[in-house]
Amino acid sequence: MELTGAEILGTLQRPRMDRERGCLVGSRCRECGIPSWPGRAYCFSCGSSDVEEAAFSTGGLLGTFTTVWVERPGLEAPYTLGQVTLADGVSLYAHVRGLAEDARVPLPVHLVLADGDDAFPAFWFEPDGAGEQ
Amino acid sequence: MTAEVTIAGVGMHRFGRFPDASLKDLTRVAVANALDDAGLGVKDIEAVYAANAMGGLLQGQEQIRGQAALRDIGLERVPIVNVENACASGSSALREAVLAIKAGETDVALAVGFEKMFVGDRDRSLGALETAADVEIVRELGIQFTAVYAMRLRKLLDAGKLEHRHLVDVTIKSHRNGALNPYAQFQDGVTAEQVESSTRIADPLTLLMCSAICDGAAAAILARRGVLDTRKDTIGVRATAATSGFTRISDDEPATATVCAEKAYERAGLGPEDIDVAEVHDAMAPGELLYYEQLGFCEPGGAGELLESGATEIGGKIAVNPSGGLCSRGHPVGATGLAQIAELVWQLRGEAGPRQAGRPRIALAQNSGGWLSGESAACNVTILEREAAWN
């Protein structure tokens, strides 16, 4: 059957987070189980188009990070970027806050969603235990 | 093995800051130098592959960039195809020219790369660079290439596979080589103290470790073996390979450059141990260390040791980035891949002057571009061969 594009949500309409559950939302392949954030129409690993929407865990490991000292429009320097692999296996790049000066990776982190739909960044990660020490 | 495609001539416009030079001016100089090198005229060119990454955003020349840039030098009528693959645009144009000749469509083709990044507004230049990613995903995140390389390096530093001093030492090497290259943007050596104390960019990278905003152009003329009566030593294109970025499921999977290099080695019937001189994509000087591993020049975790051994110095067993690389020669994005080829052709012919790396026979260029999920979005590896014996 010829596709029209209406079969699934377009990339701009596809949800990236679920505020009520406080987690990121993407896709997972029904064939091979590989997840993706943001969600994709086809699985990048096995090529199957049999993918479903999936909510991801909020905890993961910070695999690497860098503190950037060059200001960008709308972004005051310094800010910290990192690569996080969530417990479900999803890997993504995001802002990281609250890292100690001498932090080393890998480091357990968790997701924090910003208040309000227009906030930037919409979410970031913080080290587990931050603010409790 | 005799390659079907040869490089008949190469040429560059010096890399650097040229406020009075237009894209057309930069292009004209590089192409004229390549034609002169090959002993050819403009009308001998049968096809053109023109590489540029940011002329749309920075000069407003979104479409027909090659046709516009080449008018001043009288290159018209022949097919001109515009090639954009971020920082890998130049090598992508080269590969298309090679394929056109191999396909039997063309005998003499020009691959030219040109870029003008100085536009009087750093934020515009950086904004254009940030589009070398999937903007629907990373928009406004503030991920520059400096941050991408910084994150790749920290992984190895924290795993104990690299020491901070290696980052500094490879930067000193880059600038030392650049100081020998009349085409380089930066031609002054630097000290460890200068590297350490220069402005922080993206930890652990400092300003002197990073390539800068840059203008420039580079060109190569490719010809089917036997169609030209060339006065130069023949340089054959032994292999080209191209790969696009992919989403890695784990860090254990090979990098884009590794996948691409393995394909190129297989096609050439060669291995990393056969390479005598290499130009690798060190957009940040310490990136060279990552590519030692990814291209197979050392075992995983052996990059620091390889650097310390001196093997990658000019005069070492495998000279890496004798030109100064992207960090010191400069990185005008669309021109870089062809500047690597120009340097390697000069090296293979023994024409590299004070930076001549012995008597190389096999040379490798690795040019990567863009960024997707932590990996390069595009990568090309080219292996060149000097066919004449050194006497």
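The rows are residues; the columns are (1) over 17 Å from the mean Cα position of the chain (by Cα); (2) of a type in the set (A, V, I, L, M, F, W, C); (3) surrounded by 24 or more Cβ atoms within 10 Å (Cβ to Cβ).
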residue	(1), (2), (3)
B:GLY315	yes, no, no
B:GLY325	no, no, yes
B:SER328	no, no, yes
B:VAL333	no, yes, yes
B:ALA339	no, yes, yes
B:GLU343	no, no, yes
B:ALA352	no, yes, no
B:ARG359	yes, no, no
B:ASN391	yes, no, no
Report yes if some residue within the stretch B:313-328 is in contact with a Cys (Cβ under 9 Å, 6 or more places away or on another chain), modelled with pLDDT of 95 or more and assigned to a helix (DSSP H, G or I); otherwise report no. yes
Suppose we filter B:THR191, B:THR171, B:THR199 for residues that are within 14 Å of another protein chain (Cβ to nearest Cβ), touching a helix residue (DSSP H, G or I) at 6+ places or on another chain (Cβ under 9 Å) and of a type in the set (S, T, N, Q); which single one remains? B:THR199
State whether one or more residues within the stretch B:295-303 are crowded, with 24+ Cβ neighbours inside 10 Å and not in a loop (DSSP other than H, G, I, E, B). yes
I'd like the full set of residues that are in a strand (DSSP E or B) and away from every other protein chain (no Cβ under 12 Å), limited to the stretch A:9-26. A:MET17, A:ASP18, A:CYS23, A:LEU24, A:VAL25
Taking the options B:ALA242, B:ALA255, B:ALA264, name whichever one is under 26 Å from B:ALA352 (Cα atoms) and touching a Lys or Arg at 6+ places or on another chain (Cβ under 9 Å). B:ALA264
The condition from (1) farther than 28 Å from B:LEU129 by Cα; (2) among the acidic types (Asp, Glu); (3) more than 13 Å from chain B (Cβ to nearest Cβ) that A:ASP117 misses is numbered (1)
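Yes/no per residue for (1) over 15 Å from B:ALA303 (Cα atoms); (2) surrounded by 15 or more Cβ atoms within 10 Å (Cβ to Cβ):
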position: B:LYS161; (1), (2): no, yes
position: B:HIS164; (1), (2): no, no
position: B:ASP169; (1), (2): no, yes
position: B:SER174; (1), (2): yes, yes
position: B:PHE186; (1), (2): yes, yes
position: B:SER197; (1), (2): yes, no
Conditions (1) surrounded by fewer than 17 Cβ atoms within 10 Å (Cβ to Cβ); (2) at pLDDT below 95; number of the one not met by B:LYS232: (1)
Applying the selection to the stretch B:194-225, what residues are part of a loop (DSSP other than H, G, I, E, B) and touching a Cys at 6+ places or on another chain (Cβ under 8 Å)? B:SER211
Filter result for B:THR131 (away from chain A (no Cβ under 14 Å) and of a type in the set (Val, Ile, Thr)): no
At least 2 residues that are touching a strand residue (DSSP E or B) at 6+ places or on another chain (Cβ under 7 Å), without any contact (Cβ under 8 Å) to a residue 24 or more places away in the chain and surrounded by 14 or more Cβ atoms within 10 Å (Cβ to Cβ) in each: list the strands (runs of 3 or more DSSP E) lying fully within the stretch A:34-132 that qualify. A:59-68, A:79-86
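Can you give me the ranges of the helices (runs of 4 or more DSSP H) entirely in the stretch B:107-193 with at least 3 residues that are among the polar types (S, T, N, Q)?
B:164-178
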Output the number of residues of the stretch B:239-277 satisfying the condition of being in contact with a Ser or Thr (Cβ under 9 Å, 6 or more places away or on another chain) and among the aromatic types (Phe, Trp, Tyr). 1
Of the residues in the stretch B:241-288 that are among the aliphatic types (A, V, I, L, M) and part of a loop (DSSP other than H, G, I, E, B), the one that is farthest from the other protein chains (Cβ to nearest Cβ) is B:LEU270
Any chance you could count how many residues in the stretch B:212-240 are in contact with a His (Cβ under 8 Å, 6 or more places away or on another chain) and within 14 Å of another protein chain (Cβ to nearest Cβ)? 1
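The values are calculated or read from the model by the stated rules, or taken from the named source; none is laboratory data. Everything numeric in this text was worked out from a predicted model, so none of it was measured. Cβ atoms come from the backbone with ideal geometry, glycine included; neighbour counts cover every protein chain shown.
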